[in-house]
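Everything on this sheet refers to the single structure shown next.
The values are calculated or read from the model by the stated rules, or taken from the named source; none is laboratory data. Owing to the predicted nature of the structure, the values given are computational and were not obtained by experimental measurement.
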Amino acid sequence: MSRASNVRRPTGPDFWTRELIRLRFAGRCCRCGKDGWTIQHRTPRALGGTKDPAINAPSNLLWVCGDGTRGCHGHMESHRTESYEKGWLVRHGTSPEAVAVHLWDGRRVLLDNTGNWSHAGSPRHP
Ligand SMILES: [Zn+2]
């Protein structure tokens with residue numbers, strides 16, 4: 001793979017990727033269903049580094065409220081066991097596309113890298 005350019009990339013997803021994530025969740029925080037405004041990385045950036053393009057792939061990104069210490073983003077960071085169970089965090093070596101995300105309304109969905117999702121089924125919504 002060649003380097004596309006020497007433009008310095010920001011550490012987060014680019015504008016269009018952010019828009020894709022926002023629209024995928026209709027602007028709602030995927031944990032509480034209220035207005036969200038920030039991106040949660042399912043595979044944490046700190047360990048994966050920012051050079052790996054998978055880090056900012058749509059399947060790795062959730063739309064949430066709060067920030068690293070508050071709201072649902074903060075909750076996900078501080079309740080890691082729950083977050084791994086619910087697909088809000090994904091362990092390294094596991095593809096985020098293969099891990100269902102639990103949404104606020106009980107749905108479980110698999111996220112792909114084009115902005116779509118598919119239902120993974122749930123007890124309430126088989
Ligand atoms: Zn929230």
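Which one of 52, 35 is at pLDDT below 90 and either within 21 Å of residue 14 (Cα to Cα) or aliphatic (A, V, I, L, M) (or both)?
52
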Task: Failed item in (1) modelled with pLDDT of 75 or more; (2) under 12 Å from the mean Cα position of the chain (by Cα), with residue 45 passing the rest - done: (1)
